Amino acid sequence: MKKILMSSTILITFLMAGCATIPEKLQVNDNAPLVKFSDVRAQANVNTGLTARWGGVIAKVEVQKQRTLVEVVNFNLSSRAKPILKDETQGRFRFYQQGLLDPIIYKVGKSITVVGTVANSEQGKIGEQEYLYPVLNAEKIQLWKKTQRVDVNLIQQPLWNNPMYWNDYPSYIYRRAVRQHSNSNNAQTKPNPNKN
């Protein structure tokens, strides 16, 4: 019995650790300290050349002559290094990637995580307001797929009060309502009373 409990404990621990694993492309050396976004935001140009792993939601993509500029609304990262989307953010950052990042793939509103080296901050604007952007020179990029949560609600409708259904159908008909939620938009499918 003890062996079974130990095996179960080891398996559960292994599975939990696996769920929290950072994707290989975003991993850094164990001894490499990562600079926090808030530190670079507070003290511009102090941490230049150090490694950082930041993430958030793409706000702008600009294809330049030999590189691509991406502006990101920063969010804290989960244990998997995936952005945790909330109503508050610490600000925005920019990163540069050599070559082309196609704006059709790297769309505004998609979640992204970047590993790179901190560069000098850049002056810019958000709307009409001046803003000092922390900057990364990207080395590794993870574009996260849209996550969807589907809620299915079964609605029971008794039909015994309608004689038309007494002989041909069971006493309940099921109507399914499906709502899909994603990071970038919400879609709702209307209930279809004809589906069983």
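Restricting attention to region 49-83, the residues that are within 20 Å of Gly124 (Cβ to Cβ), in contact (Cβ under 8 Å) with a residue 40 or more places away in the chain and out of contact with any strand residue (DSSP E or B) (no Cβ under 7 Å at 6 or more places or on another chain) total 1. Answer with yes or no whether Gly49 is surrounded by fewer than 14 Cβ atoms within 10 Å (Cβ to Cβ) and over 17 Å from the mean Cα position of the chain (by Cα). Judged against the criteria, Gly49 is a match. Taking every residue in region 33-48 that is without any contact (Cβ under 8 Å) to a residue 24 or more places away in the chain and closer than 21 Å to Phe75 by Cβ and pairing it with any residue that is of a type outside the set (Ser, Thr, Tyr) and surrounded by 13 or more Cβ atoms within 10 Å (Cβ to Cβ), at least 6 positions away or on another chain, the pairs with Cβ-Cβ distances below 7 Å are Leu34/Val28; Leu34/Ala52; Leu34/Arg53; Asp39/Asn47. Looking across region 26-44, the residues that are surrounded by 13 or more Cβ atoms within 10 Å (Cβ to Cβ) and not aliphatic (A, V, I, L, M) come down to Gln27, Lys36, Phe37, Ser38, Asp39, Arg41.
For region 85-101, enumerate the residues that are of a type in the set (D, E, K, R) and surrounded by 14 or more Cβ atoms within 10 Å (Cβ to Cβ). Before the answer, list the steps.
The initial filter retains those residues of region 85-101 that are of a type in the set (D, E, K, R), namely 86-88, 92, 94.
Within region 85-101, Arg92, Arg94 meet the criteria.
For Asp39, the conditions (1) at pLDDT below 95; (2) part of a helix (DSSP H, G or I) all hold with the exception of (1).
The values are calculated or read from the model by the stated rules, or taken from the named source; none is laboratory data. The structure displayed is predicted, hence computed values, not measured ones. So basically every Cβ, Gly included, is an ideal-geometry build from the backbone, and we count neighbours across all protein chains shown.
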